[in-house]
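*Asks:* A single structure is presented below for examination.
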Amino acid sequence: MSSNTAQPSLARELFTMTWPMLFGILSLMSFQLVDSAFIGQLGVLPLAAQGFTLPIQMIVIGLQVGLGIATTAMISRALGAQKVRYAKQLGGLVLMIGSIGLAFFTLLIWLLRHPILALLSAPDSVYSVIDSYWPYWLLSAWVGAVIYFYYSICRSNGNTLLPGIMMIVTSLLNLVLDPIFIFTLGLGLNGAAIATVLAFSIGVLIVAPLVARRHWLSFDWKDLKISKSLADIGHIMGPAMVSQLLPPVSSMLATKLIAGFGTAAVASWALGSRFEFFSIVAVLALTMSMPPFVGRLLGAGRTQDIRYIVKVACRFVLLFQLLIAILTFLVASGLANLMTSEAQVQTILHWHLMIVPISLGPLGICMLMVSISNALGKSYTALTISALRLFAFFLPCLWIGSEIAGLKGLFVGGLIGNVLAGICSWYMYRRTLQMVENN
């Protein structure tokens, strides 16, 4: 069968791989929102403790996602090149170094918790809460990382249905267990972490035997050059991890800029950003399903099929996000009233919802190009795209817009920054693929 004849079936296969991720991500988002609502009822100190936990949580997530990206890129490429044994060995190696590495890192966080809190300028009243909460939270972070590595191995082998279902299952378990441990058993903030530990542990107990049964990993490394494999993993993981840590830094700088317009502006920006996160859920699903797909095609040397499937994904993202932007524009006023009861926040949020969503299509393209560059083994290109998006386009355009026309100008600046980032990332991807083809 010729490549051109097979291309429409590739689009169907991509859809089949993407929809489980879509529902999985939606379930995780829903759980996190409800979890935050439960914790919000516990008082100021638990909320403050969670606030000081968040920056450390971002670092842990950055580590596990960086390793997950490396896993997906390397295993899918090995499978595309018909190196099935090597792919299994990589699966076992990643699971081993990830589990041990994250266990060591979480232990280090626990031992250094007081210096970390001092660095974050935490008040003395929070220390006792953290001392009680972090053992359970760190355990939940470790178990969450282990199940994430299993998900990465599944996706690398072209199976997104299992991780998609397990995301829904663990989220539902969390929703059921949260109120029991937080309120019924009276464990408060600790109860939220214990509920997460139990939900993820049940998830691991379900997914681990299924992965083993499918023979997707092997701990027989006799003929594996471990040092070279670790170097290859680190080559992708390092830039991918840094790329994951850039958005929080950018978010802090953006918040600092917006704070100059008052607390209502900060509140509306937070609500608007949360809405944007939900509205690009299809893009987030594609960033999880596309890399293993592209990796397998690359391993098989089918670069023309990569061009085709990336174009299909980009067209879908642009059309879908345009539809979301039009609908948001039409209901912006009612949506702003629904999301907040504060009149001043409503006014600012209304402008946010009318302007910024127009640029979420190009933003989606940029996010996709980061994932695809990692799948092509060009992790430094992916890091460059992320850095340019945030620090060459988004933040400067926000500042210029705010200087020219205040808050409305800031939103227009955000729109322009996203569009420029999307265009730049597309041209960088095309140049990267051309380099891959020439090699």
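The values are calculated or read from the model by the stated rules, or taken from the named source; none is laboratory data. For clarity, every value in this text was computed on a predicted model and none was experimentally measured. Every residue, glycine among them, receives a Cβ derived from its backbone with ideal geometry; neighbour counts consider all protein chains shown. Accessible surface areas use protein heavy atoms only, side chains included; no ligands, DNA or RNA. Shrake-Rupley method; radii C 1.70, N 1.55, O 1.52, S 1.80 Å.
*Asks:* What residues qualify as long-range amide H neighbours of Ile280, i.e. H under 5 Å apart, gap of 5 or more or another chain, H built at 1.01 Å from N?
*Replies:* For Ile280, no residues qualify.
*Asks:* Can you give me the % of accessible surface on the chain that is carbon or sulfur? Probe 1.4 Å, all protein chains present, nothing else counted.
*Replies:* Here carbon and sulfur together make up 69 percent of the probe-accessible area.
*Asks:* Which one of Phe320, Pro247, Val310 is farthest out on the positive end of the charge dipole of segment 232-337, using unit charges on Cβ (Lys, Arg +1; Asp, Glu -1) and the Cα centre as origin?
*Replies:* The residue sitting farthest along the positive end of the dipole is Val310.
*Asks:* Any idea how far the Cα center of segment 129-198 sits from the one of segment 200-267, in Å?
*Replies:* Segment 129-198 and segment 200-267 have Cα centres spaced 16 Å from each other.
*Asks:* While we're on this one: Suppose R0 equals 35 Å; then what is the FRET efficiency for Leu107 and Ile326 from their Cβ-Cβ distance, rounded to the nearest 0.05?
*Replies:* Between Leu107 and Ile326 the formula returns 0.10.
*Asks:* OK, next. What are the lysines whose alpha-carbon lies under 22 Å from the alpha-carbon of Lys222, with same-chain residues fewer than 8 places away excluded?
*Replies:* Lys83, Lys88
*Asks:* From the backbone phi of segment 108-114, what are the Karplus-calculated ³J(HN,Hα) couplings (6.51 cos²θ - 1.76 cosθ + 1.60, θ = phi - 60°) in whole Hz, Gly and Pro given as x?
*Replies:* Coupling constants for segment 108-114: 4, 4, 4, 5, 9, 4, 5 Hz.
*Asks:* Tell me, what ³J(HN,Hα) does each residue in segment 235-240 have, in order and in whole Hz, if you take phi through Karplus 6.51 cos²θ - 1.76 cosθ + 1.60 with θ = phi - 60° and put x for Gly and Pro?
*Replies:* Whole-Hz 3J(HN,Hα) from phi for segment 235-240: 4, 8, 5, x, x, 5.
*Asks:* Using the Kirkwood radius built from alpha carbon pairs, what does the Stokes-Einstein equation give as D for segment 4-57 at 10 °C and 1.306 mPa s, in µm² per second?
*Replies:* 111 µm²/s
*Asks:* In angstroms, what radius of gyration and Dmax does segment 290-413 have, counting Cα atoms only?
*Replies:* Rg, Dmax (Cα atoms, Å): 18.1, 57.
*Asks:* Contact order normalised by length for the chain, with contacts defined as Cα pairs under 8 Å and 6 or more residues apart; what percent is it?
*Replies:* The normalised contact order for the chain reaches 22 percent.
*Asks:* To continue, here is another question. Plugging the Kirkwood radius over Cα pairs into Stokes-Einstein for the chain, at a temperature of 25 °C and a viscosity of 0.890 mPa s, what D comes out in µm²/s?
*Replies:* It comes out at roughly 107 µm²/s.
*Asks:* On a C-alpha basis, how far is the centre of segment 375-439 from the centre of segment 281-319 in Å? Whole number, if you could?
*Replies:* Segment 375-439 and segment 281-319 have Cα centres spaced 19 Å from each other.
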